[in-house]
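This report concerns only the one structure given below.
The values are calculated or read from the model by the stated rules, or taken from the named source; none is laboratory data. Just so we're clear, the structure is a prediction, and the values are computed from it rather than from any experiment. When we count neighbours, we look across all protein chains shown, and the Cβ atoms used for this are built from the backbone with ideal geometry, even at glycine.
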Amino acid sequence: MKLQPALIFGQNMILQRGIPIPVWGRSVRDDTVTVVLNGYTLHTQAKRGEWRVTFQPMEAVEDTSMTIASAATGERIEFGGVAIGEVWIAGGQSNMEFLLKYDEGADEMHNIPQDPMLRYFRYPQTSFLGQLERDAFPDDGFWRKWDSVENRDHFSAPAAYMGHRLRAVLGVPVGFVGCNWGGTPAAAWTAAEELDAVPALQAVLDWHSRACAELDWPKYEADALHPDKDPPPEQREMLDALMMGGSPELLQKQRPPRPPEGFSPFEPGPKAAVRPTGLYENILRRVAPYGVRGVIWYQGEDDDARGWHAFYDESMKALIQSWRRLWKRELPFLQVELAPLHEGLGKALNYAVIREKQRDVMDALPGVHNVCILDAGDARNIHVRKKRPVGERLALLARKYVYGEMELLADSPRLCSVGRADSTVSLKFLYSGSGLFWKKTSCRPLYVEADGSMVAPEIDVCEDTVTLHSDIFSKAKQIKVRYCEENYCEAALFNSAGLPAFPFSVCLNR
C-alpha cells in the first residue's frame, strides 16, 4: 500500500474555515506521514496502514497548498490551489445532481465572469466496496473551478446558484461536495443502526430482504463483476432530451433498444445504490469527516414512487441524525420541499404528503430549515429546469440561520393562527415581511368547504393576514380551508421577498 490520501483531498480543494481540519488516508503499515497545510506541519503514524491528522481551525485563505509525505516510501504529494472558506454538502437525488447545463438559466450563468473561488466536487457514484478502484469516473472525483464552460456545466445547478449568492455576500471561497445520485431513496443514505432503531422503517428493510431472497445469486455476482459501460450516443441524446424537458411521447418514440440485462444499481441487491445504507457506507463515510459547514438536501421523489410517503418524516429524521453522528456535530440541514408535479417525465403519487412530512422534520429537529418552491414546478417534468429559486432560497436560509443575518427575510410564510367571526375566516402568517400579496394562478390553489359544500369566498390580503369572506360562513358548523395541498399546484400567496407560502389545511368548528 503506497501513500494515498482520501479521494476528496486534491488540487484546488476548498477546506472549511473556523473548525478543525481533518486530513486522512492510507500508507504502508507504521509509516510516518507528514502533512503540511498553509505553513503548519503535523506528523502521525500509519497504524494498520491508516493515518489521520487534524489541524487547528484556520481563517479563510484564497491560495495555499497541502503537502503529504511518507517517510517509509519517500513519496511526496503536493496539492496546489488550495483554498480555505465555506464548504457545503449537496446531497439528494437527481434534482440536486441536476447539472447546470440542463438548467434554463445556463446561458445566463455562462456569461457570469470566471470565479475560481467557487468550486464543486462530486463524489463518484459508487454503491459497493471495490467499485471506486475498479471503475472509471472521468467526470467525478476532482475539484472543479467556476472557470471553463465544461466545468460550469458539471456543477450541480442548485449548488451553483447558492454558491454565487454566498460568494457575493461572504467574500470567501465557497465549495460544494456532491453526494447525490438520481433515483435513490433516503434509506440508501442512512446508517444501518438508525434504520434498525425506527419501527416504521422496518418496511424498507423488509422490502430489500424479500427482493434479495428472490435473486439469482450466481448471475447477480457475475453481472456485478463487469463495470457499467458508457451509454451509446443515442442514449446520451435521450438523457439530454429528458433533462431538457422533451415531451414524454417524443422520448418514447425515440427510445433506443434496452441494453442486455445485467447489473443495475437501481434494482435491489447487496451491491445496489437503492439498498438500505448502501450509499451511506460507500459515499458518505468516505467523505466524512471532511470539514463542512452544513448540508443542502433535495430528495424525496424516489420515496414517493416506492410508496414510502407515510413515513418519510421518519426516514429523514433517521438520515439527518445519522449524518450528524458521523460528523459529531449538529450539521445545519437545509432541505428543499418537492416541486409541484403531475405526470409526464415522472409521476407524483403523494407529493403533498411528502411535503407535509418534510415540514414535520423541520419542526422535530433543530437546525433544519425548508425551502418552498411551489412557484417553481412543472406539471409534466420531474426534473424542473428552473433551479435558480432553489439555490437562491437555500442561500437565504444559510445567510440567516448559519451566518447570523437574523433580520433577513429568508423563510416562506407559514400559517400560525386562525380564527372565525360571523362571515369571515382570518388566517395569520409568520414571515410576511412588509406584507403578503396574492397572485393569480392558472389552477386553483385554495379550496374552502362549509359543512361539506364548496365555497368561493372573497379574499382580502393585508399585512400578515389573509381574510376570507362569505355569508355562508356565519351559519356553517364546520369550515375547512386547504391551500396548495395537491401534487401539482401553483403558489398564489407570497411575502414581500417573493417567497411562496407553505401549504396548509385547517378545520374550524363552531
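Given the residues ALA305, ALA376, ALA364, which is the only one that is more than 24 Å from TRP88 (Cβ to Cβ) and aliphatic (A, V, I, L, M)?
On the way: ALA376 fails: more than 24 Å from TRP88 (Cβ to Cβ); ALA364 fails: more than 24 Å from TRP88 (Cβ to Cβ).
After applying the criteria, what remains is ALA305.
Is it the case, given these coordinates, that PHE142 is modelled with pLDDT of 95 or more, surrounded by fewer than 19 Cβ atoms within 10 Å (Cβ to Cβ) and not aliphatic (A, V, I, L, M)?
So PHE142 passes the test.
Provide a single number: the residues in the stretch 197-215 that are closer than 26 Å to LEU132 by Cβ and either in contact with a Leu (Cβ under 9 Å, 6 or more places away or on another chain) or outside any helix (DSSP H, G or I) (or both).
Of the residues in the stretch 197-215, 3 are closer than 26 Å to LEU132 by Cβ and either in contact with a Leu (Cβ under 9 Å, 6 or more places away or on another chain) or outside any helix (DSSP H, G or I) (or both).
What residue, of ALA83, ALA72, is touching a strand residue (DSSP E or B) at 6+ places or on another chain (Cβ under 9 Å), in contact (Cβ under 8 Å) with a residue 24 or more places away in the chain and either assigned to a loop (DSSP other than H, G, I, E, B) or surrounded by fewer than 16 Cβ atoms within 10 Å (Cβ to Cβ) (or both)?
Matching residue, one of ALA83, ALA72: ALA72.
Within the stretch 252-273, is there a residue that is within 25 Å of PHE333 (Cα to Cα) and either among the polar types (S, T, N, Q) or at pLDDT 90 or above (or both)?
Looking for residues that are within 25 Å of PHE333 (Cα to Cα) and either among the polar types (S, T, N, Q) or at pLDDT 90 or above (or both), one finds at least one in the stretch 252-273, hence yes.
Which number in (1) more than 22 Å from GLU330 (Cα to Cα); (2) assigned to a loop (DSSP other than H, G, I, E, B); (3) among the small types (Gly, Ala, Ser) marks the one condition that GLY18 misses?
The number of the failed condition is (1).
Just one of (1) hydrophobic (A, V, I, L, M, F, W, C); (2) in contact (Cβ under 8 Å) with a residue 40 or more places away in the chain; (3) crowded, with 19+ Cβ neighbours inside 10 Å trips up TRP51, so point out which.
Here TRP51 clears every test but (2).
Hey, among the residues in the stretch 13-43 that are under 22 Å from THR73 (Cα atoms) and β-branched (Val, Ile, Thr), which one's nearest to the chain's Cα centre (by Cα)?
So the residue we want is VAL23.
Looking at ARG152, ARG119, can you tell me which residue is in contact with a Leu (Cβ under 8 Å, 6 or more places away or on another chain), buried (at least 16 other Cβ atoms within 10 Å of the Cβ) and either in contact (Cβ under 8 Å) with a residue 60 or more places away in the chain or part of a helix (DSSP H, G or I) (or both)?
Result of the check over ARG152, ARG119: ARG152.
Here is a yes/no grid of residues against (1) of a type outside the set (A, V, I, L, M); (2) within 28 Å of LEU99 (Cα to Cα); (3) surrounded by 22 or more Cβ atoms within 10 Å (Cβ to Cβ); (4) free of Cβ contacts under 8 Å to residues at least 24 places away in the same chain:
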| position | (1), (2), (3), (4) |
| --- | --- |
| ARG355 | yes, yes, yes, no |
| PRO366 | yes, no, no, no |
| ILE373 | no, yes, yes, no |
| GLU392 | yes, yes, no, no |
| ALA398 | no, yes, yes, no |
| GLY404 | yes, no, no, yes |
| SER412 | yes, yes, yes, no |
| SER426 | yes, no, no, no |
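Tell me yes or no: at least one residue of the stretch 96-112 is assigned by TED's automatic domain parsing to the domain that holds GLY294, touching a residue at least 40 places away in the same chain (Cβ under 8 Å) and over 21 Å from the mean Cα position of the chain (by Cα). Please lay out each step first, then the result.
Taking the stretch 96-112 first, the residues assigned by TED's automatic domain parsing to the domain that holds GLY294 are 96-112.
In the following step, the residues that additionally are touching a residue at least 40 places away in the same chain (Cβ under 8 Å) were identified as 96-106, 109-110, 112.
Going one step further and asking which of them are over 21 Å from the mean Cα position of the chain (by Cα), we end up with 110, 112.
Among the residues of the stretch 96-112, at least one is assigned by TED's automatic domain parsing to the domain that holds GLY294, touching a residue at least 40 places away in the same chain (Cβ under 8 Å) and over 21 Å from the mean Cα position of the chain (by Cα), which makes the answer yes.
How many residues does the stretch 473-503 contain that are in contact with a Leu (Cβ under 8 Å, 6 or more places away or on another chain) and either of a type outside the set (Lys, Arg) or in a loop (DSSP other than H, G, I, E, B) (or both)?
The total comes to 21.
Can you tell me which residue among VAL448, VAL461, VAL506 is part of a strand (DSSP E or B), surrounded by 20 or more Cβ atoms within 10 Å (Cβ to Cβ), at pLDDT 95 or above and not basic (Lys, Arg)?
VAL448
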